Amino acid sequence: MGNKIIITGGCGYIGSHTVVELLENNFEVLVLDDLSNSTEKTLERIEKITGVKPQFIQVDLKDASKTNAIFSKHKDAKAVIHFAAHKAVGESVNNPLKYYKNNLYSLLNVLSAQTENGIDNFIFSSSATVYGTPKILPITEKNETQRPFSAYGNTKKIAEEILEDLINSSDSFAAISLRYFNPIGAHDSGFIGELPSGIPNNLMPYITQTAVGVREKLMVYGTDYPTKDGTPVRDYIHVVDLAKAHVIAVKRLINKKQDEAFEIFNLGTGSGFSVLEVINSFEAVSGIQLKYEVTARRPGDVPQLFASTALAKEKLGWSAEKSLDEMISSSWKWEQNLRALENSKL
Ligand code: UFG
């Protein structure tokens, strides 16, 4: 076929949705995942959606020799999309070394293995967290980056710096870093979605778990921010829109259409919604009254984050298409379907 893409973390939340979009665009996919925060069942669920079961190798990318051995057998891959990373902000504050070791060793091993095997295209799963507390909104890619509050966030910032150095040292290596705002939502099929292990850190899975009764009530972290209703504002983006941007970015790399060897794009909708607006939309979409209580601010939370989407539109020809209601209804469908899926063979 000649269009193989290696996806690290392909059983995870954003990874699995990207695998679906790649398969639907006739790419061949090799998923690498250690299954530390995901399940192999996702591969069968992807097959249910696309009719294709992606190739899969279970591997801990912190193991350099195993990583190298895999890449040396897949030298024909055209690009790597690197999702594999730990992502719990709070845990990273309490256990920074776990995050620096996992996220940075894995990155370094993947970059070494791919460049040693002549695979020169790389897409990095970055985050709006690299902007810290932005002084200017909406956030353009030209906004200065700041040291993020959490070790998790700092691994994203350091990773982008590593990529910049690698690109400056090479005539052939090229990368695109995609800075995600707040991904929520799930595939329309109800077969894949976010699978938080333990107590969710993020707003959307906490809301849906509260609504099904797994959590007693949602805590709203602060209503005294300088925002429209006092709660923090975020740029929520549907995970399927996000996944589609990866397909466009990978084609841009493979077809050598970049303006520069290292490009960075924000992936958001450009619209900001407050925590209370998300709760209200959830209640309207689901018909359920959510139990919640206002509590103190969560350390490290930024009052407002929303993207300028102009660059992604201009260079990638991509913009998000799905509304907040579609994000919320698909998250809600997924939460309800999940229990049925877990009780079935899938
Ligand atoms: N929130 C609550 N209650 C909860 C969970 C969240 O009120 O139980 C609020 C937060 O205070 C915040 C908003 O909902 O105002 C969104 O919180 P999330 O945890 O869903 O998202 P964050 O914006 O904090 O974090 C996201 C990504 C991180 C990334 C960060 C960059 O999850 O990976 O954006 O800013 F680092």
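The values are calculated or read from the model by the stated rules, or taken from the named source; none is laboratory data. Not measured: the values here are computed from a predicted model. When we count neighbours, we look across all protein chains shown, and the Cβ atoms used for this are built from the backbone with ideal geometry, even at glycine. Calculation scope for accessible area: heavy atoms of the full protein, side chains included, ligands and nucleic acids excluded. Shrake-Rupley method; radii C 1.70, N 1.55, O 1.52, S 1.80 Å.
Listing for the model above:
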{"read-out": "Only one of 228, 244 that is open to solvent by 60 Å² or more (accessible area, probe 1.4 Å), more than 12 Å from the ligand (Cβ to nearest atom), within 24 Å of residue 14 (Cα to Cα) and in contact (Cβ under 8 Å) with a residue 40 or more places away in the chain", "value": "244"}
{"read-out": "So residue 319, is it modelled with pLDDT of 95 or more and part of a helix (DSSP H, G or I)", "value": "no"}
{"read-out": "Residues being in contact (Cβ under 8 Å) with a residue 12 or more places away in the chain, open to solvent by 50 Å² or more (accessible area, probe 1.4 Å) and either in a loop (DSSP other than H, G, I, E, B) or in contact with a strand residue (DSSP E or B) (Cβ under 8 Å, 6 or more places away or on another chain) (or both) - total across region 261-287", "value": "2"}
{"read-out": "Residue in region 208-215 that is among the charged types (D, E, K, R), modelled with pLDDT of 95 or more, touching a helix residue (DSSP H, G or I) at 6+ places or on another chain (Cβ under 7 Å) and within 12 Å of the ligand (Cβ to nearest atom) present", "value": "yes"}
{"read-out": "Cβ pairs under 8 Å, 6+ apart, first in region 196-225 and over 14 Å from residue 278 (Cβ atoms) and among the hydrophobic types (A, V, I, L, M, F, W, C), second within 12 Å of the ligand (Cβ to nearest atom) and in a loop (DSSP other than H, G, I, E, B)", "value": "199/215"}
{"read-out": "Out of 91, 194, 160, 164, sole residue that is more than 15 Å from the ligand (Cβ to nearest atom) and of a type outside the set (Phe, Trp, Tyr)", "value": "164"}
{"read-out": "Output for region 278-292, where each listed residue is farther than 30 Å from residue 247 by Cβ and more than 10 Å from the ligand (Cβ to nearest atom)", "value": "280, 283, 284, 286, 287, 288, 289, 290, 291"}
{"read-out": "Pairs where the first residue, in region 66-91, is touching a residue at least 60 places away in the same chain (Cβ under 8 Å) and the second is within 16 Å of the ligand (Cβ to nearest atom) and of a type in the set (Phe, Trp, Tyr), C-beta under 6 Å, 6+ apart", "value": "82/124; 86/99; 89/152"}
{"read-out": "Conditions (1) among the small types (Gly, Ala, Ser); (2) open to solvent by 10 Å² or more (accessible area, probe 1.4 Å); (3) touching a Ser or Thr at 6+ places or on another chain (Cβ under 6 Å); number of the one not met by residue 112", "value": "(3)"}
{"read-out": "Test: residue in region 91-108 that is surrounded by 17 or more Cβ atoms within 10 Å (Cβ to Cβ) and β-branched (Val, Ile, Thr)", "value": "no"}
{"read-out": "Test: residue in region 119-127 that is under 30 Å from residue 331 (Cβ atoms) and either of a type in the set (Lys, Arg) or surrounded by fewer than 18 Cβ atoms within 10 Å (Cβ to Cβ) (or both)", "value": "no"}
{"read-out": "Condition check for residue 145: touching a helix residue (DSSP H, G or I) at 6+ places or on another chain (Cβ under 9 Å), within 16 Å of the ligand (Cβ to nearest atom), open to solvent by 10 Å² or more (accessible area, probe 1.4 Å) and of a type in the set (Ser, Thr, Tyr)", "value": "yes"}
{"read-out": "Subset of region 69-84 (residues that are buried (at least 16 other Cβ atoms within 10 Å of the Cβ) and either in a helix (DSSP H, G or I) or not aromatic (Phe, Trp, Tyr) (or both))", "value": "70, 71, 74, 77, 78, 79, 80, 81, 82, 84"}
{"read-out": "Subset of region 247-260 (residues that are open to solvent by less than 30 Å² (accessible area, probe 1.4 Å) and closer than 27 Å to residue 134 by Cα)", "value": "249"}
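Rundown of residues vs (1) β-branched (Val, Ile, Thr); (2) surrounded by 16 or more Cβ atoms within 10 Å (Cβ to Cβ), yes/no style:
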| position | (1), (2) |
| --- | --- |
| 155 | yes, yes |
| 158 | yes, yes |
| 166 | no, yes |
| 182 | no, yes |
| 192 | yes, yes |
| 195 | no, yes |
| 199 | yes, no |
| 217 | no, no |
| 234 | no, yes |
